[in-house]
Amino acid sequence: MIEKVKQALQSILDRFEAGDIPKAIAYSTFPIPDIPAAKWSLLNRTLMFIAGTQDARGFRQWKEVNRYVKKGAKAFVILAPRFIKKGAEEEENEKRILAGFLAVPVFRVEDTEGAALDYEEIRLPSLPLIEVAQSWGISVKAIPGNYRYYGWFSQERKEISLATKEETVFFHELAHAAHERILGQLKGGQDWKQEIVAELAAAVLCHLVGKASRFLGNHYRYIETYAKEANLSAVQGCLKVMKDVESVLNLILKRETGDPTREVSNAQQRNEEMGTNLGDSQNSF
């Protein structure tokens, strides 16, 4: 393992072990749009995620915003509650009782065309190491802010979606992508080992681009949460997955030039020259 990366990893573990942990800070997010799916149940939002989109609506709902379903597009189904009335209509205490659910067809925004939507104007900043994802055939896109997640990596669609411009979230998802390439396939859901690998790798990459102290509290608490699932401390959890973390970092930072840290070093220099920090924007919630 490259000496610079080893030092960064050891520095993070030393601070974890010493308990020298700053408070976690809220990540900034892209604007949260006012869309029908924002009011959906968790089940329906999960169905939407599985369908590979962050916005889905019925045929008439798309028409209301001057968008139209493409010919040949296929809908997926969500569940809407069906209520019946109990008691005479003239009674003041008339009740509505849940009688079951209806299957409602909706279409993904990707399967429509027409007028532009406000959130389509979201643009990602220049992210260090984004070319690594692209070289692996993985697309990186911005998605609207939400109250559930900051980003995700889909191994089926080969896609990283980001609801924030914070580099650390991108690094976390990039680490998942690297881990998948090493293992062949990731476990479904939030596996504690995979999550710690991704977050510790992201912490090291943040250190290499000069953002170590800003998000250290976030990294620690994220790792601590998943380590508890295995009855481990944050440090113990890190030590359990150290070999995988090293493999992930080696894969991400590998360069034919023989200087695997050149890109992150250049990114750090660009940040210093610009005098800006892409993670300094105000938290939106």
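The numbers here are math on the coordinates, done by the rules we state, and not lab data. Source: prediction; values computed, not measured. Counting neighbours? That spans all protein chains shown, and the Cβs are built from the backbone with ideal geometry, glycine included.
Take peptides 31-41, 172-182, 241-251 and line them up by average Cβ neighbours within 10 Å, highest first, as a rough protection proxy.
172-182, 241-251, 31-41
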Those GluC sites (Glu not before Pro) from the stretch 24-109 that are DSSP loop and have at most 12 other Cβ neighbours within 10 Å turn out to be Glu89, Glu90, Glu91, Glu92, Glu94
Between Gln155 and Lys85, 0.36 nm times their residue separation minus their Cα-Cα distance comes to what? 20.6 nm
Please report how far the C-alpha centroid of the stretch 11-30 lies from that of the stretch 104-159, rounded to the nearest whole angstrom. 27
If R0 = 22 Å, then Leu102 and Ala73, at their Cβ-Cβ distance, give a FRET efficiency to the nearest 0.05 of 0.55
11 Å cut-off, amide nitrogen to a point 7 angstrom out along Leu117 Cα→Cβ, residues in the stretch 48-66: 53-58, 62, 65
Residue span Arg221 to Lys95: 0.36 nm per residue of separation minus Cα-Cα distance leaves a gain in nm of 40.7 nm
Straight-line reach only, C-alpha to C-alpha below 17 angstrom: list the lysines that Lys211 could link to, leaving out same-chain residues fewer than 8 apart. Lys4, Lys6, Lys23, Lys165
